[in-house]
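The values are calculated or read from the model by the stated rules, or taken from the named source; none is laboratory data. This is a predicted model, so every value here is computed, not measured. Cβ coordinates were reconstructed from backbone atoms using ideal geometry, including for glycine residues, and neighbour counts include every protein chain displayed.
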Amino acid sequence: MASWALKHDIVDVYYAVHSNDAVFHDNHASYFEALHTVTVECEGDEYGVTFHTPYLSINKCAVIQKGMGLGVPFGDTWSCALGGTVHCGVCDPCRDRRTSFEILGIKDPVLYEHDIFAESREEVNILESPKHISVVA
Ligand SMILES: [Zn+2]
């Protein structure tokens, strides 16, 4: 990201990383500070890349709530780490996104190749079916 910014003469990068992503060291504030220092050392003060991470202290649910308040068209947003034409539904960012929308009780408007909650509901329905109850009894 820093090298891409330098290549395109970009000195301010806004990155929507949030606290759920902080499980990875390259999503810590100290990492972004170090990147800035390295780019300043390599390119000089005026070309150092500054990373702005305004959501680093809040979780994905809070980011979605902020977006709802701002009228973000979530159907036009992308979270999947795998690319493709629809969200895969199983990579970490997809699971985080899908889970956060579920916690908030908001329907995520994007399509998922695999919907982790639809699959869970099928399991619940199987457990609640009369056939299963008779097996248990
Ligand atoms: Zn995915």
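Brief remarks follow.
- Per the conditions (1) closer than 20 Å to PHE24 by Cβ; (2) out of contact with any Pro (no Cβ under 7 Å at 6 or more places or on another chain); (3) surrounded by 14 or more Cβ atoms within 10 Å (Cβ to Cβ), the sole criterion not satisfied by SER57 is (3).
- Top-ranked residue in the stretch 78-88 [being surrounded by 15 or more Cβ atoms within 10 Å (Cβ to Cβ) and within 19 Å of VAL17 (Cα to Cα); ranked as nearest to the ligand (Cβ to nearest atom)]: CYS80
- ASP9 meets the stated requirement of being among the charged types (D, E, K, R), at positive phi and outside any strand (DSSP E or B).
- Among residues of the stretch 84-98 that are farther than 10 Å from ILE116 by Cα, those with a Cβ under 6 angstrom from a residue that is more than 6 Å from the ligand (Cβ to nearest atom) and hydroxyl-bearing (Ser, Thr, Tyr), sequence gap 6+ or separate chain, pair up as HIS87/TYR112; PRO93/SER79; ARG97/SER79.
- For SER100: the one exception among (1) at pLDDT below 95; (2) touching a helix residue (DSSP H, G or I) at 6+ places or on another chain (Cβ under 9 Å): (1)
- Within the stretch 46-93, being more than 25 Å from GLU33 (Cβ to Cβ) and outside any loop (DSSP other than H, G, I, E, B) holds for CYS61, ILE64, GLN65, GLY67, MET68, GLY69, LEU70, PHE74, GLY75, ASP76, HIS87.
- The residues of the stretch 14-29 that are out of contact with any strand residue (DSSP E or B) (no Cβ under 9 Å at 6 or more places or on another chain), of a type outside the set (Val, Ile, Thr) and loosely packed, with under 13 Cβ neighbours inside 10 Å, listed by number, are PHE24, HIS25, ASP26.
- Yes/no for ASP26 being within 24 Å of GLN65 (Cβ to Cβ), charged (D, E, K, R) and part of a helix (DSSP H, G or I): no
- Every condition in (1) touching a Cys at 6+ places or on another chain (Cβ under 6 Å); (2) exposed (fewer than 12 other Cβ atoms within 10 Å of the Cβ) is met by GLY75 except one, and the failing one is (1).
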